[in-house]
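Asker: Got a structure here, written out as structure tokens. Questions coming.
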Amino acid sequence: MGYKAKFRVWRGEGGEGALEDFVVEVNEGEVVLDVIHRLQATQAPDLAVRWNCKAGKCGSCSVEINGKPRLGCMTRMSTFTEYETITVTPMRTFPVIKDLVCDVSFNYQKAREIPSFTPPDNVKPGEYRMQQIDVERSQEFRKCIECFMCNNVCHVIRDHEENKPAFAGPRFLMRIAELDMHPYDVADRKDSAQEEHGLGYCNITKCCTEVCPEHIKITDNALIPMKERVVDRKYDPLVWLGSKIFKRPGSSNPSGSKAG
Amino acid sequence: MDIERHEYDVVVIGAGGAGLRAAIEARQQGKRTAIVCKSLFGKAHTVMAEGGAAAAMGNVNSDDNWMVHFRDTMRGGKFLNNPRMAELHAKESPDRVWELEAWGALFDRTKDGRISQRNFGGHEYPRLAHVGDRTGLELIRTLQQRVVALQQEDERLHGDAEAYIKVFAECTITTLLKQGPARDAGISGAFGYWRETGRLICFDAPAVVLATGGIGKSYVVTSNSWEYTGDGHALALLAGASLINMEFIQFHPTGMVWPPSVRGILVTESVRGDGGVLRNSEGKRFMFDYIPEVFKDKYATTEEEADRWYNDQANNRRPPELLPRDEVARAINSEVKAGRGSPHGGVFLDVSSRLPAAEIIKRLPSMHHQFKELADVDITAEPMEVGPTCHYIMGGVEVEADTGASSVPGLFAAGEVSGGMHGSNRLGGNSLSDLLVFGRRAGAGAAAYVDRLAARPVTPDDVMRAAEIEAVAPLSRAGGENPYEVHHELQRTMNELVGIIRKAEEVKEALEVVTKLKERAAATGAPGGRIYNPGWHLAIDLRNMLLVSDCVARAALIREESRGGHTRDDFPGMSAEWRRKLLVCALTADGEVSVEEKEQPPMRDDLFRLFDRAELSKYVTADELADYDALVKES
């Protein structure tokens, strides 16, 4: 069953590098990451690649295969012909440390900028009561394995380094939506989503949804509803008036899902 | 050479469930805490856990309580568990799960809005809090986000998010530092390197918590990721601590067997908990033939009764597919050996004929996805092929149950790297709860230890120098042995000779190979530079894998009985005498592994009495049974 495949792999560090050609054995049932590992073991012992679970659950081995963001462990070799040259490069949006490994600290920085889950003071651990239907929306977003391919593919930052400070990226805008839809979260996240985390930059091209290995409907289920919540707040005349006259009404309803 | 230095109160090595819970606790108790992990933050092996966290909350069946959970755990471990650990675990796991919910976790719900609980092998009642079949991801993400929440709090209070808790990701610890060479000299820090830059790094700290997980990468067929190289086990040994129960390795009964590149990847036990059945090539549900004597009264003997159990657990016994993992793994092994296996050397696990497709996708989304993407198998339409895979080591650092303290002052351990809690076999679902319960306890133990210290310990210069030389040695042997080849040979050896079924001659052969591989490992070289050089990293990890494999093989040779995760072909029976003995591995002054027998701590009277006499008589000696009788008479 085995054959020799042609691979072109990005090699380099410190901002320098080039594609290097390899001819490498491929066996039945293998994925791209298996082939990268074979290169390490037989031809390039210092070839750098991130990986952990090799089962599509940890989101470590994000690379670009023939220009498309993919998990190396979930891309089967059988999806290519035996004659095709397979090009593997690091994610483009983040700085390369070496070979296929990027500096993804942007994502951890953004994670820290999103205010954490904020439950009401009067509910003790063990007292939480939620209906399945009310947790399912946020549960979908919590399937995220943080492969950061959505942030990698998003054109707001893929080709615009200058947008990075003001834009959390689909991953963390989805995190805001997840918390906003959490039945017990009492923080008001609508204004900050727009003003501090750059929700307005998203023009719903759905690239993030397309690359999501967990098939989370990031755009339809997280970003668009979040945009609607922001708009409802902004253009609802009663809310506007209220916010002028009284202190801004936050969602202080401790149980049951919030409006939206 | 330029070495980065940091000062902390507590250094936690490992950022899986146990490590993060320990770090959160240490930080909550006001200690400056470092989390050091080999991967990126949030990628640790805990994400792989599927089924759930066992906690006797009684949400689904109100008859459940800590005593039932305690009994199940001891029974699953074949009574070799440290009873105090099993007790603390059963009592505290509900609080640990509820706490996660208050930190933002979203578990699946019951109809009345509580945390839903599912059935699992060896658990008498539905007990596992879960989120579909991705519970580990929920657990690690929640803890990760809790760390971030604490950092946000520190940012507000001190203007520095990393003032009290900082994550050092992609950083490997190679040596624990001590105040001196004596076995009982206290911990003074930890030494290692940044994977990204190759820069050396030293943590000066009076307390270290090991939370490094397991050792699966010593085996070819394993559900474990590359990180599982037994680092904590080896670091503890080298620092003078001891390991117990190293002969007990859990082979999960259901790993994928095809295609070859995914061999070993886990198929969650929830498939069986939710109705999936095991069949051989003749279509027979063979588990009915493998119910061992000690479990005869608890498992259904006919398919009809087994099937009724899913809907009526009060009046039926559970299906034998839900026997503890060691039993199921051995049964599958026997079927394959008898020529009744599936085409790729496993057996069939079928849920497609048992549940509607939509229900399968809802309950087992990751499994559906995994088989579709990796094996081109639609589990809603056809059976899966599965076989045993190296999954978990019950053995680990010998610790004090209440604090996680090892015999080395300042060294603590929690989670898979610690030993005792699970005895000879761990029940599914008891790992996630173990991480939370003992992670918290080890973090608190370390914090209390630091409070008791009169002065901060100091690492002698020669200790630092030795750590530095060892860490960079493979880089200077550029023409040396290929570390990948040494690793592959170790994996094959352990898989074939110290695997699921063991024989004295084979284990002896493995020990000879390990000795030779140790010499080869010492000569491995890593071409290339210091920046993210996986060859160098593997050359260093090999030392740990070989030390741990040595312990596993030696203990496996000495224990002449079969119990839980240790099956000897030449000693097939379980022995009540051996139940009283633990095998303790340590390093001698010249670096050799020594194994000594030690008496298992007895069960406290009130715990002993939780069991009935008929059950105890299957496990304990006549003397112990007489003690039990006296106890009962007294009351």
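A short reminder: the numbers here are calculations on the coordinates, not readings from a lab. The structure displayed is predicted, hence computed values, not measured ones. Every residue, glycine among them, receives a Cβ derived from its backbone with ideal geometry; neighbour counts consider all protein chains shown.
Asker: Does anything in the range B:380-400 have its amide N under 18 Å from the 7 Å Cα→Cβ label point of residue B:452, and if so which residues?
Answerer: B:398-400
Asker: Beta carbons within 10 angstrom, averaged per residue: use that to sort the peptides B:259-270, B:295-306, A:222-233, highest first.
Answerer: Highest mean packing first, the order is B:259-270, A:222-233, B:295-306.
Asker: Also, quick follow-up: Going through the range B:520-626, which trypsin sites (Lys or Arg not before Pro) have at most 12 other Cβ atoms within 10 Å and a DSSP loop state?
Answerer: Those satisfying the criteria are B:604.
Asker: Could you tell me what a quarter of the Cα convex hull surface of the protein assembly as shown works out to, in nm² with one decimal place?
Answerer: On the way: hull surface 147.5 nm².
Mean shadow area of the hull around the Cα atoms is 36.9 nm².
Asker: Quick one: if the Förster radius is 45 Å, what FRET efficiency do residue A:210 and residue B:606 give, using the C-beta to C-beta distance and rounding to 0.05?
Answerer: E(calc), rounded to 0.05, equals 0.15.
Asker: What's the ranking of B:332-339, A:84-91 by average number of surrounding C-beta atoms within 10 Å, highest first?
Answerer: Highest-to-lowest ranking by the protection proxy: A:84-91, B:332-339.
Asker: Take every Cα pair under 8 Å in chain B that's 6+ residues apart, average their separations, divide by the length, and report that relative contact order as a whole percent.
Answerer: 20
Asker: Under 25 Å from the Cα of residue B:372, which lysines turn up, not counting those fewer than eight places away in the same chain?
Answerer: Of all the lysines, those that pass the test against residue B:372 - Cα under 25 Å, at least 8 places apart if same chain - are A:54, A:57, A:68, A:143, A:206, A:217, B:43, B:362.
Asker: Give me a comma-separated list of calculated 3J(HN,Hα) values for the range A:184-197, in order, Karplus coefficients 6.51, -1.76, 1.60 applied at θ = phi - 60°, integers in Hz, x for any Gly or Pro.
Answerer: With coefficients 6.51, -1.76 and 1.60, one gets 10, 7, 10, 6, 8, 10, 6, 5, 5, 4, 6, 8, 9, 10 Hz.
Asker: Roughly how many Å is it from the Cα centre of the range B:177-198 to that of the range B:9-70, as a whole number?
Answerer: 24
Asker: Which chymotrypsin sites (Phe, Trp or Tyr not before Pro) does the range A:1-91 hold that lie in a coil by DSSP with at most 13 other beta carbons within 10 Å? Before the final figure, lay out the partial values.
Answerer: Values: sites: A:3, A:7, A:10, A:22, A:51, A:80, A:83; in loops: A:51, A:80, A:83.
Of the chymotrypsin sites (Phe, Trp or Tyr not before Pro), the ones in loops of the range A:1-91 whose Cβ has at most 13 other Cβ atoms within 10 Å are A:83.
Asker: If you count, for every residue in B:41-47, the Cβ atoms of partner chains within 10 Å of its Cβ, what is the mean?
Answerer: 6
Asker: Pull up the cross-link candidates among the lysines for residue B:503, meaning alpha carbon to alpha carbon under 29 Å and not fewer than 8 places away within one chain.
Answerer: B:78, B:217, B:296, B:337, B:516, B:518, B:581, B:598, B:618
Asker: Also, I was wondering about something else. Looking only at other chains, what is the average number of their beta-carbon atoms within 10 angstrom of each beta-carbon in B:482-490?
Answerer: That works out to 2 on average.
Asker: Something else about it: Just from the alpha-carbon atoms, what are the Rg and Dmax of the range B:190-347 in angstroms?
Answerer: Cα radius of gyration and Dmax of the range B:190-347 are 20.9, 63 Å respectively.
Asker: Also, I was wondering about something else. Once the Cβ-Cβ distance between residue B:298 and residue B:627 is put in as r, and R0 is 25 Å, what FRET efficiency do you end up with, to the nearest 0.05?
Answerer: Using R0 = 25 Å, I get an efficiency of 0.50.
Asker: Which lysines, if any, have their Cα less than 16 Å from the Cα of residue A:98, not counting same-chain residues under 8 positions apart?
Answerer: Partners found: none.
Asker: Another question, if that's okay. Between residue B:577 and residue B:598, what is the label-to-label distance in nm when each label sits 7 Å out along the Cα-to-Cβ direction?
Answerer: The answer from the label model is 2.2 nm.
Asker: Across peptide B:558-565, what mean number of C-beta atoms from other chains lies inside 10 Å of a residue's C-beta?
Answerer: Counting Cβ atoms of other protein chains within 10 Å of each residue's Cβ and averaging gives 0.
Asker: Right, something else. What is the Cα centroid distance between the range B:154-174 and the range A:134-191, reported in whole angstrom?
Answerer: 23
Asker: Could you compute the FRET efficiency for residue B:523 and residue A:82, with r as their C-beta to C-beta distance and R0 at 60 Å, rounded to 0.05?
Answerer: 0.95
Asker: Among B:620-631, B:157-168, how do they line up by average Cβ neighbours within 10 Å per residue, starting with the highest?
Answerer: Numbers: B:620-631: 14.1, B:157-168: 16.5.
Highest mean packing first, the order is B:157-168, B:620-631.
Asker: Could you pull out every Cys in chain A that lacks a partner Cys with its beta carbon under 4.7 Å away?
Answerer: A:61, A:73, A:102, A:144, A:147, A:154, A:202, A:207, A:212
Asker: Please work out whether chain B counts as rounded, prolate or oblate from its C-alpha gyration tensor, where a ≥ b ≥ c are the square roots of the eigenvalues and a/c under 1.5 means rounded, while otherwise a/b larger than b/c means prolate and anything else oblate?
Answerer: Details: a/c = 1.42, a/b = 1.35, b/c = 1.05.
Taking the square roots of the gyration eigenvalues as a ≥ b ≥ c, chain B is rounded.
Asker: Using only Cα positions of the range B:478-635, each an equal point scatterer, no hydration layer, compute I(q)/I(0) via Debye at q = 0.09, 0.10, 0.11 Å⁻¹ and quote the log10 values to two decimals.
Answerer: Each listed q maps to, in turn, -0.45, -0.53, -0.60.
Asker: Continuing with this model, one more query. Could you tell me which Cys residues in chain B have no other cysteine's Cβ under 4.7 Å from their own Cβ, answering none if every one has a partner?
Answerer: Cysteines of chain B left without a disulfide-compatible partner: B:37, B:171, B:202, B:390.
Asker: Next question, about the same structure. With charges only on Cβ, +1 for K and R and -1 for D and E, what is the dipole size of the protein assembly as shown about its Cα centre, in debye, rounded to 20? Please report the intermediate quantities before stating the final value.
Answerer: Numbers: 111 positive and 130 negative charges, 284 e Å.
Around 1360 debye, computed over the protein assembly as shown.
Asker: Extending each Cα 7 Å along its Cβ direction at residue B:314 and residue B:111, get the distance between those two points in nm, one decimal.
Answerer: 1.5
Asker: Within the set of other residues whose C-beta is less than 14 Å from the C-beta of residue A:62, count the net charge using Lys and Arg as +1 and Asp and Glu as -1.
Answerer: +4
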